[in-house]
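Here is the structure we will look at.
The values are calculated or read from the model by the stated rules, or taken from the named source; none is laboratory data. It should be emphasised that the depicted structure is a prediction, and the values quoted were computed from it without experimental measurement. Glycine gets a Cβ as well: all are built from the backbone with ideal geometry, and neighbour counts include every protein chain shown. Accessible surface is based on the protein model in full, side chains and every heavy atom, while ligands, DNA and RNA are left aside. Shrake-Rupley method; radii C 1.70, N 1.55, O 1.52, S 1.80 Å.
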Amino acid sequence: MNGSTVSIDHVSKHFGSFHALDDVNFTIKQGEFFSLLGPSGCGKTTLLRIIAGFEFPDDGAVLLDDKDIVPFPANKRPCNTVFQSYALFPHLSVYENVAFPLRLQKKDKKEIDEKVREYLHLVQLDQHMFKKPNQLSGGQRQRVAIARALINEPKVLLLDEPLSALDAKLRASLLLDLDALHDKIGITFIYVTHDQSEALAVSDRIAVMNQGKVLQVGTPFEIYESPATQFVAQFIGETNLFEATVAECVPYKNENGLEEFMCTCSVPELGKQTPLPTDSEEMAAGDKYMMVTDYDHTEPGQKVAFTIRPEKIRITTDIPDVHGRKDINVFKGIVEEPVYTGFQSKFYVRLENGAVLKVYQQHRNFLDDGPSIAWKDTVYVSWSAEDGYIVEDIEK
Ligand SMILES: Nc1ncnc2c1ncn2[C@@H]1O[C@H](COP(=O)(O)OP(=O)(O)O)[C@@H](O)[C@H]1O
Ligand SMILES: [Mg+2]
């Protein structure tokens, strides 16, 4: 099967005076697993309903393979939707639920039977075809809904939070099944979720939305490593975020060979860096730190937001040996709250200037950084310039 390219072309939608979608504009590639990710109420379902044909945009167009589909009713679009609530017919068997779209099209019996069995096999429900929906688990019911949405071979499958009614373990396993299904059938998937870990795990690309706007479109790696705005940095994963003022920026090639900028900034909340035994006098002044950005119009004096992910910070009881590297930022602090979470420890470290940094450390015995760290210990936190990241502007 072939998927379609889906272009959302400057789409806006309001309900009364409320802007549910504000000039949304991006293109989903043929066969992509594409996620719309954002908090509840940001407009994800509204956008999905506009693509499906259940809702109409006030402005803009939706192009499927370059053809505007807005004038077509929902049942004339090659898009099917899977809802959170399954929407199965309770009185019909699994088999008849999946056969339903083909019966509507008056297909012949033999063709219907072959296809229903093929699609039930695809979602691993061969053993359950004569049961009623209420004899199935939540995960199985959702697989019926998926088979029913796929059976008339749409070019785009729309999934609106399809896993959110399931418990966490089942959610994770059905998500992997969906990913495998996508690989197998190759059509375009547009997946709506408010759960960033789901979106990061399976998407080819993600559009991060907030308040009716798309803030960033990118691969999971791009969105996590190079968030475009403060909101994206904070919504995806966890992070430390501070106001910073740019002192200097010079072009620089990162480890993947991409052009970025190495910036020196001051971050008043973080205070002064800890002087290292190897520092020259000039470096020991230490109130400027280095960080990178791909924002190409950062100027001296500009106010920006600076972010460093908790897992990228090293925590040690001794001053770290940085081997003379100038791109390592080092601060001294006191552990306020160690939190043991099984697979990692979280530390809240108060720096001398008062700021509190979140630091996550994986548990391992090999190359351990010294004795275990406890409440009220004096520690050093350090990170490399490459891991610090400047987010464009400060959002007011
Ligand atoms: N038919 C409608 N009438 C009025 N307001 C609506 C309607 N549909 C959605 N909204 C509002 O638009 C906003 C976005 O809704 P929705 O697209 O469902 O968000 P999400 O799916 O991201 O949670 C919400 O504030 C919601 O209340
Ligand atoms: Mg929704």
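Side notes on the structure shown:
- Residue pairs meeting the criteria (Cβ under 6 Å; at least 6 apart or on separate chains; first under 15 Å from Ser203 (Cα atoms), in the stretch 216-237; second open to solvent by 30 Å² or more (accessible area, probe 1.4 Å)): Thr219/Arg205; Pro220/Leu200; Ile236/Gln196; Ile236/Tyr224
- Yes/no for Glu96 being over 30 Å from Gln234 (Cα atoms), open to solvent by less than 70 Å² (accessible area, probe 1.4 Å), in the same structural domain as Val214 (by TED's automatic domain parsing) and within 16 Å of ligand 1 (Cβ to nearest atom): no
- Listed by position, the strands (runs of 3 or more DSSP E) contained in the stretch 259-377 that have at least 2 residues being modelled with pLDDT under 85 and open to solvent by 70 Å² or more (accessible area, probe 1.4 Å) are 328-340.
- The condition of being at pLDDT 95 or above, away from ligand 2 (no atom under 16 Å from the Cβ), in contact with a helix residue (DSSP H, G or I) (Cβ under 7 Å, 6 or more places away or on another chain) and β-branched (Val, Ile, Thr) holds for only one of Val94, Val70, that being Val94.
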